[in-house]
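Below you'll find the structure, written out as structure tokens, and then a few comments.
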Amino acid sequence: MEEFSKENKYLRAKARVERLKKFYGNVTSYVLVVAFLAAVNYYDNEWRYAWFLWVAFGWGLGIFFHAVRTFDLNPFFGRAWEERKIKELMKDEDEIKRWE
């Protein structure tokens, strides 16, 4: 049983590292691409119309939601809520079996 628990923890930690790696890759791409687009925008029209901000805002919104998912910042249905709900349902199931 203890071996299963250690393996389960390892798999969860590995999945978390993968999520973090994807998030940081996304942030790095965002910074590089938006900086490049800002340079093109400046070269093209010297900030008379800052069109690169539309890209920065849209992609930034996506990064925000990616961060919420990656760092478990959702106060309503985050991982902590999932764990509590799983324990609650397991407890309810044990009580039902006890009465059968």
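The values are calculated or read from the model by the stated rules, or taken from the named source; none is laboratory data. Being a predicted model, the structure only gives us computed values, none of them experimental. Neighbour counts run over all protein chains shown; Cβ positions are idealised from the backbone, glycine included.
This table checks each residue for (1) modelled with pLDDT of 95 or more; (2) among the small types (Gly, Ala, Ser); (3) under 25 Å from Gly78 (Cβ atoms); (4) in contact with a Pro (Cβ under 9 Å, 6 or more places away or on another chain).
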{"residue": "Tyr24", "(1), (2), (3), (4)": "yes, no, yes, no"}
{"residue": "Glu46", "(1), (2), (3), (4)": "no, no, no, no"}
{"residue": "Phe52", "(1), (2), (3), (4)": "yes, no, no, no"}
{"residue": "Ile63", "(1), (2), (3), (4)": "yes, no, yes, no"}
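Test Ser29 against the criterion of being farther than 14 Å from Phe71 by Cα and surrounded by 10 or more Cβ atoms within 10 Å (Cβ to Cβ), and give yes or no.
Yes: the conditions hold for Ser29.
Please pick out the residue among Glu82, Glu95 that is of a type in the set (Asp, Glu) and surrounded by 11 or more Cβ atoms within 10 Å (Cβ to Cβ).
Checking each option against the conditions leaves just Glu82.
Table: residues versus (1) assigned to a helix (DSSP H, G or I); (2) surrounded by 10 or more Cβ atoms within 10 Å (Cβ to Cβ).
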| residue | (1), (2) |
| --- | --- |
| Phe36 | yes, yes |
| Tyr43 | yes, no |
| Tyr49 | no, yes |
| Leu53 | yes, yes |
| Phe64 | yes, yes |
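Going through Glu93, Glu88, Glu82 one at a time, which residue ends up being in a helix (DSSP H, G or I) and more than 27 Å from the chain's Cα centre (by Cα)? Of the residues listed, the single one that is in a helix (DSSP H, G or I) and more than 27 Å from the chain's Cα centre (by Cα) is Glu93.
Annotation note: of Ala13, Ala50, Ala39, the sole residue that is small (Gly, Ala, Ser) and within 25 Å of the chain's Cα centre (by Cα) is Ala13.
Name the residue, out of Phe77, Phe57, that is closer than 24 Å to Ala15 by Cα, without any contact (Cβ under 8 Å) to a residue 40 or more places away in the chain, surrounded by fewer than 13 Cβ atoms within 10 Å (Cβ to Cβ) and under 25 Å from the mean Cα position of the chain (by Cα).
Result: Phe77 is the single residue among Phe77, Phe57 that is closer than 24 Å to Ala15 by Cα, without any contact (Cβ under 8 Å) to a residue 40 or more places away in the chain, surrounded by fewer than 13 Cβ atoms within 10 Å (Cβ to Cβ) and under 25 Å from the mean Cα position of the chain (by Cα).
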